[in-house]
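The values are calculated or read from the model by the stated rules, or taken from the named source; none is laboratory data. Bear in mind that the values here come from a model prediction, so they are computed numbers and not experimental data. Cβ atoms come from the backbone with ideal geometry, glycine included; neighbour counts cover every protein chain shown. These accessible areas exclude ligands, DNA and RNA; they are computed on the full protein's heavy atoms, side chains included. Shrake-Rupley method; radii C 1.70, N 1.55, O 1.52, S 1.80 Å.
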There are 2 protein chains.
Amino acid sequence: MSNLKTDLKITSTLVNPPTDSKARVSQFMKQLQDEICSGLEALDGEGKFKEDSWERPEGGGGRSRVIFEGNLLEQGGVNFSEVWGDKLPPSILKQRPEAAGHRFYATGTSMVLHPRSPYVPTVHLNYRYFEAGPVWWFGGGADLTPYYPFAEDASHFHKTLKQTCDRHNPEYYPVFKRWCDEYFYLKHRQETRGVGGLFFDYQDGTTNQLYRGFNPAGKAASYSQEVGEIEARSWDSLFNFISDCGGSFLPAYAPIVERRRDIKYGDRERNFQLYRRGRYVEFNLVYDRGTIFGLQTNGRTESILMSLPPLVRWEYGYQPEPNTPEAELYERFLKPQDWANWEGQ
Amino acid sequence: MSNLKTDLKITSTLVNPPTDSKARVSQFMKQLQDEICSGLEALDGEGKFKEDSWERPEGGGGRSRVIFEGNLLEQGGVNFSEVWGDKLPPSILKQRPEAAGHRFYATGTSMVLHPRSPYVPTVHLNYRYFEAGPVWWFGGGADLTPYYPFAEDASHFHKTLKQTCDRHNPEYYPVFKRWCDEYFYLKHRQETRGVGGLFFDYQDGTTNQLYRGFNPAGKAASYSQEVGEIEARSWDSLFNFISDCGGSFLPAYAPIVERRRDIKYGDRERNFQLYRRGRYVEFNLVYDRGTIFGLQTNGRTESILMSLPPLVRWEYGYQPEPNTPEAELYERFLKPQDWANWEGQ
């Protein structure tokens, strides 16, 4: 993490995006969907994605791709969308008041995979781009949710994302990793959703403060001091960063799949996986801003809720038994850890 | 439904509750929990409730009772709680600004039952009482969620609740039935949660407008005219009404269980039940004010989420086939209907 940098006083003003910004980003988002789907089909070896194209009455549409009952994937969805309308919902305007009274444009690709084996982690990815009147921004991230976890896997996932970030700005990984830990947090369970990854929002290059929009209660002030200021960034540099992030998904995830897909499991592991999938549902319906944005903007419900697992259990008062792999998940993996620097066992 | 009543101009001011209000209501809420649990154990014939008592660090506590893997009930929870604290959460203060800056007290009993058979409906009940500074109010209701529905059952449930309401005030049933239809509505699915029942909130006897707190977008004005004004009601009359509502639960539900519990079913019906249970999860996590109140006030997560079903499925793009019992659920039962006046087939 960087220290307070009092010598940097760059304050940039927001530049206009390139004239072809929407076309460039939406083309990239479609391509990302294509690449991920091809990569996953190759990895699955059996399941094939089925595509549904849809239109949104208020403007725009998308293409949802879903895979069921594959060899690797019990269910997976990769959704591209490009929508526009009269106004952004209140939850976003609160963070971006400059967008009030303006039409908006939003495009993005999002993905959630629910593997069949409890040894293969669930994974989520979402990258998105907004324009609304005088403002534009990028957001997104990727995070990993294991059931029977391996430190080696958490570390591989984080190291891959960190390398990608570091090619663009050494400040990105420490900030966006921490943002992810705080965003994918189930307050009512006092657990992280999984081992995290990257998350960021409202990146428009102007602010010196990377964590704009990241204001966990009571933390903003000290966090601002800790991160300090960084140089202004151009639209192109942010677009390149997002593109590179998208491209790093398969290298971050596929090796984990290959290492764990053949581990044998029984009812105990399957039941625990179904139980833990309940946390995924709780997070997505109670906290997730992508889900809330979709439901608030009259999005396509089936595509928004494609992230929900195919089969889920809830169990009143469940507690893992001490000294079991299930207990280890809670004690070690559902708390923020410095996985990118993990070297040990 | 009543017509506009322009001749009624009673405007009462809020009276203080009796000095023993909290003790009386909490005793009733505990007794309601006892009665419902005994009645359900007798109905189940096999399962027994297990009790967990718990304390809330900020003040108060409760007793949760849960039944698993019974003959009738796959899972059921009946929860009594009595909590207090420094301030109500913002979602309630928005409706009751007079409570801002005051300590609050809340007590209630809530119940959700998930029967094993897809022919026996899921059912929910919740009655609650609040005091905060200068204001107090009662709220609650009960609603039925069938999977393979019968008009006769929906009608029995509504007629029983209507008789209870009518003993207290002829305006109650039409208003609270409609409020229920609008409250238990999944906007993102454009479906009611089930066949409804009663729902009401913020009942303190002062307002002439029974629907206080019931403000569906664009409807408040016309609804206010339609319902008109009614006479002021005392604390005791509201408490009696709530008590009577609580007592009407078993007579409203038990006959439905008896009629449907022995119907044979297979995988098709079970799969549809698990799929439809997903709607229950979506409603409770996205819309339900009891759940949101609990999570916002640092309530006991296991007790709050006791309402979630033991096993749930999601399926992308599911649509019932035309002319099937599953299609009939959507077409006839997931829309508001005048079940209390149903006489036919």
(request) Go through segment A:317-329 residue by residue and tally those that are modelled with pLDDT of 95 or more and within 14 Å of another protein chain (Cβ to nearest Cβ). (result) 2
(request) State yes or no: is B:GLU69 farther than 23 Å from B:TYR105 by Cβ and open to solvent by 90 Å² or more (accessible area, probe 1.4 Å)? (result) yes
(message) Could you check segment B:290-327 and list, in sequence order, the residues that are touching a Pro at 6+ places or on another chain (Cβ under 7 Å), in a helix (DSSP H, G or I) and buried (at least 16 other Cβ atoms within 10 Å of the Cβ)?
(response) B:PHE293, B:GLN296, B:GLU326
(request) Could you grab me the full set of residues in segment B:48-66 that are crowded, with 18+ Cβ neighbours inside 10 Å and farther than 14 Å from B:GLU302 by Cα? (result) B:PHE49, B:GLY60
(request) Tell me which residues, restricted to segment A:244-270, are assigned to a helix (DSSP H, G or I), surrounded by 15 or more Cβ atoms within 10 Å (Cβ to Cβ) and over 18 Å from the mean Cα position of the chain (by Cα). (result) A:PRO255, A:VAL257, A:ARG259, A:ARG260, A:GLU269, A:ARG270
(request) Report yes if some residue within segment B:190-210 is open to solvent by 20 Å² or more (accessible area, probe 1.4 Å), at pLDDT below 90 and not β-branched (Val, Ile, Thr); otherwise report no. (result) yes
(request) Could you list, in sequence order, all residues of segment B:82-98 that are in contact with a Lys or Arg (Cβ under 9 Å, 6 or more places away or on another chain), open to solvent by less than 30 Å² (accessible area, probe 1.4 Å) and of a type outside the set (Val, Ile, Thr)? (result) B:GLY85, B:LEU88
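Could you check segment B:66-84 and list, in sequence order, the residues that are touching a strand residue (DSSP E or B) at 6+ places or on another chain (Cβ under 9 Å), more than 13 Å from every other protein chain (Cβ to nearest Cβ) and in a loop (DSSP other than H, G, I, E, B)?
Within segment B:66-84, B:GLY70, B:LEU72 meet the criteria.
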(message) I need the helices (runs of 4 or more DSSP H) fully contained in segment A:89-207, keeping only those with at least 1 residues that are within 14 Å of chain B (Cβ to nearest Cβ).
(response) A:90-95
(request) Could you grab me the full set of residues in segment B:28-65 that are hydroxyl-bearing (Ser, Thr, Tyr) and either within 20 Å of B:ARG259 (Cβ to Cβ) or part of a helix (DSSP H, G or I) (or both)? (result) B:SER38
(request) Would you please name the residue that is farthest from A:GLU74 (Cα to Cα), looking only at residues in segment A:265-288 that are facing chain B (nearest Cβ under 9 Å) and in contact with a helix residue (DSSP H, G or I) (Cβ under 7 Å, 6 or more places away or on another chain)? (result) A:VAL286
(request) Quick one: which residue in B:PHE157, B:PHE150 is among the aromatic types (Phe, Trp, Tyr) and surrounded by 21 or more Cβ atoms within 10 Å (Cβ to Cβ)? (result) B:PHE157
(message) For segment B:107-120, give me the residue count where each residue is closer than 26 Å to B:LEU186 by Cβ and over 14 Å from the mean Cα position of the chain (by Cα).
(response) 7
(message) Anything in segment A:35-47 that is out of contact with any strand residue (DSSP E or B) (no Cβ under 6 Å at 6 or more places or on another chain), surrounded by 14 or more Cβ atoms within 10 Å (Cβ to Cβ) and closer than 16 Å to A:THR109 by Cα? List them, or say none.
(response) A:GLU35, A:GLY39, A:LEU40
